[in-house]
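The structure appears right after this line, and notes come after that.
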Amino acid sequence: MSKRFYITTAIYYVNGQAHLGHAYEMAVADVIARSRRSLGQEVFFLTGLDEHGQKVQQAALAEGKTPQAYCDELAADWKAFAEKLELTNDDFVRTTESRHKEFVQAILAKLHAVGQFYKATYEGFYSTREETFLTEKDRLPDGTFDPSYGEVIKLKEDNYYFKLRDHQQWLIDYLEANPSFVQPDYRRNEVLGFLKNNTLEDLCISRPASRLNWGIPLPFDKDFVTYVWFDALVNYISIPAAHGDKTILAASNSEIRNPKSEIELWPADLHVIGKDILKFHAVFWPIMLKAMGLPLPKQILVHGWWQKDGAKISKSTGNIVDPIAVIDEWGLDAFRFYVLWELDIGPDGNWTDAGFRACYNAELANGIGNLVNRSLSMLRRYRDSVVPEQSDELASDMSNFVKATRKLLEQNMLQVALQQIGFLVDHGNLYVEQKKPFNLAKDPAQAKRLDEVLYNLAETCRVLAVLLWPFLPGTATKIYAQLGLTGAPDKFSEAAWGRLKPGHKIGEPAPLFPRKEV
Ligand code: MSP
């Protein structure tokens, strides 16, 4: 069996509220997963939840629930959220599942056996809210710690550490030799800058079980649980292990035997993450993998952060965008379209309700919706819904749009790919305005010319459906149905011109994006 295109999102803190930022990341990964499938690759798309830690333990306690029961409830909401976005994920990882926990323990045992960890006593400041140790460097000029750290206490405790330091130069060399490892380039430069200007501190990988018991016990010392990143990042390989990936199983000495399947996944092709967790993915993760003797993921694709109305998204200030409410009011595809049209993968974005509505009306109602509706309505009215003789007037223009879109999708350049599709739509709408089929229809001597124009328009709509599929699967499927075609336009190869056969009867045209008042 050949290796699949393996794509992941970050895993989300189970106790966080699912918002625009999470939905965006999921949508980006889903569009990439769908486009790769459309282009003929076998894909494995993983998303899921990060469920351990002190905050979860405390919140569960406050609600009088066991942490597991608390996580189970929240996980159901997150799964419903992913379904609402119609994600095509192939698995959904929860870090409290035994398939994950056992694998994390196998990895920890192996790394411990080869001397990658050591135990040491830490004495210093600790932020309970952020669950993190602080140093003198974290003090503000007035000597206090940032209020976001909450209560800062003095703490002395033993913990286990992972030797990051030894790998610093290797990682610098790797990043320099592999420019595509972190994308966009400016994020890679950020990581290189960090590595060149700082000495890596060894990574604390544990917490005493006496203080935190909602975590995975260290297999070599039951008085400790593993902490955050050694738990969370490992999801990217624990799930392949559970699916029988041979590379991972061999490197982990994993006890997992007889997996249900034997899918080849590792190395991952793409980790889609936000800029705030870049260091963990581009510094800690490669070093962890190297220590395990595993190849590195091919690329870490780093997106920016969404704001709303120019300010941080925050539950406490009420500055939020609820993707579910937007989807319920405007439809899933309108949501997916706006976030991918508005924001390139990399910079920060800003959601405004006015911008969303303007985009809906301009690009969806007046753009895609108008082209499809008038093309098919005219075919129905003037030719009784029957596709006329093939005409290739737009064939070469369309094939240029198709080629450009394909190239961009292969490079995960989603915003520019969507712009290409926008140009195709504009081209189609301009064609209607220039050729004026409604005038041709009035003159029986122009019947052949009208046939040509109607064929070109209907076929343009069909090609459009194929290109749109990864972005707007619902809309693309509706266009196909309105064209009287069955199934989903989910194969890019179908974007070749001339597949709509003369004599074929199309279906019922209906508005795809009803205009709304702004
Ligand atoms: N659990 C860790 C990640 C572990 S990955 C092995 C975590 N979780 S998170 O829920 O806080 O964030 C998950 C993802 O959502 C991150 O990639 C983060 O960048 C993204 N976003 C959170 N808020 C965001 C915005 N406002 N905008 C865009 N993405 C944002 O970190």
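The values are calculated or read from the model by the stated rules, or taken from the named source; none is laboratory data. Here the structure is a predicted model, which means the values were calculated and not measured. With ideal geometry, Cβ positions are generated from the backbone for all residues, glycine too; neighbour counts draw on all protein chains shown. Just the protein is used for accessible areas: all its heavy atoms, side chains included, with ligands, DNA and RNA removed. Shrake-Rupley method; radii C 1.70, N 1.55, O 1.52, S 1.80 Å.
Things to note:
- Candidate set from the stretch 435-474 (those that are assigned to a loop (DSSP other than H, G, I, E, B) and not hydrophobic (A, V, I, L, M, F, W, C)); member that is farthest from S375 (Cα to Cα): P470
Yes/no per residue for (1) of a type in the set (S, T, Y); (2) modelled with pLDDT of 95 or more; (3) open to solvent by 60 Å² or more (accessible area, probe 1.4 Å):
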{"position": "K315", "(1), (2), (3)": "no, no, yes"}
{"position": "G318", "(1), (2), (3)": "no, no, no"}
{"position": "I327", "(1), (2), (3)": "no, yes, no"}
{"position": "L332", "(1), (2), (3)": "no, yes, no"}
{"position": "F335", "(1), (2), (3)": "no, yes, no"}
{"position": "D353", "(1), (2), (3)": "no, yes, yes"}
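- Cβ-Cβ under 6 Å pairs, at least 6 apart or on other chains, the stretch 4-26 side free of Cβ contacts under 8 Å to residues at least 40 places away in the same chain and within 7 Å of the ligand (Cβ to nearest atom), far side among the small types (G, A, S) and open to solvent by 10 Å² or more (accessible area, probe 1.4 Å): none
- The stretch 363-377, residues that are over 25 Å from the mean Cα position of the chain (by Cα), open to solvent by less than 50 Å² (accessible area, probe 1.4 Å) and not polar (S, T, N, Q): A365, G367, G369, L371, V372, L376
- Top-ranked residue in the stretch 188-217 [being touching a residue at least 12 places away in the same chain (Cβ under 8 Å) and part of a helix (DSSP H, G or I); ranked as surrounded by the fewest Cβ atoms within 10 Å (Cβ to Cβ)]: K196
- Scanning the stretch 123-161 for residues that are of a type in the set (A, V, I, L, M, F, W, C) and touching a residue at least 40 places away in the same chain (Cβ under 8 Å) gives a single hit, F133.
- Test: P473 is out of contact with any helix residue (DSSP H, G or I) (no Cβ under 6 Å at 6 or more places or on another chain), open to solvent by less than 60 Å² (accessible area, probe 1.4 Å) and either of a type in the set (A, V, I, L, M, F, W, C) or at pLDDT 95 or above (or both): yes
- Residue in the stretch 372-380 that is small (G, A, S) and either in a loop (DSSP other than H, G, I, E, B) or farther than 19 Å from V28 by Cα (or both) present: yes
- Filter result (surrounded by 12 or more Cβ atoms within 10 Å (Cβ to Cβ) and of a type outside the set (D, E)) within the stretch 494-504: A495, A496, W497, G498, R499, L500, P502, H504
- Being more than 26 Å from G484 (Cβ to Cβ) and in contact with a Ser or Thr (Cβ under 8 Å, 6 or more places away or on another chain) is true of A417.
- Positions within the stretch 476-491 being farther than 15 Å from L454 by Cα and open to solvent by less than 10 Å² (accessible area, probe 1.4 Å), in sequence order: A476, I479, P489
- Among the residues of the stretch 400-437, the one identified as closer than 14 Å to Y382 by Cα and in contact with a helix residue (DSSP H, G or I) (Cβ under 7 Å, 6 or more places away or on another chain) is P437.
- Among the candidates F284, F230, F224, the residue that is open to solvent by 10 Å² or more (accessible area, probe 1.4 Å), within 11 Å of the ligand (Cβ to nearest atom) and either within 21 Å of V114 (Cα to Cα) or outside any helix (DSSP H, G or I) (or both) is uniquely F284.
- Entry remark, the stretch 31-72: residues being free of Cβ contacts under 8 Å to residues at least 60 places away in the same chain, open to solvent by 30 Å² or more (accessible area, probe 1.4 Å) and not aliphatic (A, V, I, L, M) number 9 in total.
- One residue from A241, A250 being in a helix (DSSP H, G or I) and open to solvent by 10 Å² or more (accessible area, probe 1.4 Å): A250
- Which numbered condition A358 misses (of (1) over 35 Å from the mean Cα position of the chain (by Cα); (2) open to solvent by 30 Å² or more (accessible area, probe 1.4 Å); (3) not basic (K, R)): (1)
For (1) acidic (D, E); (2) within 18 Å of D384 (Cα to Cα); (3) assigned to a helix (DSSP H, G or I), each residue gets a yes or a no:
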| position | (1), (2), (3) |
| --- | --- |
| K478 | no, no, yes |
| L485 | no, yes, no |
| E494 | yes, no, yes |
| L500 | no, yes, no |
| E508 | yes, yes, no |
| L512 | no, no, no |
| R515 | no, no, no |
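- Looking across I345, I313, I368, I320, one residue alone is more than 28 Å from D202 (Cα to Cα), more than 15 Å from the ligand (Cβ to nearest atom) and touching a residue at least 60 places away in the same chain (Cβ under 8 Å). It is I368.
- Contacts under 6 angstrom Cβ, first residue in the stretch 74-98 being under 12 Å from I11 (Cα atoms) and touching a residue at least 12 places away in the same chain (Cβ under 8 Å), partner of a type in the set (D, E, K, R) and in a strand (DSSP E or B), 6 or more apart: A75/R94; T95/D50
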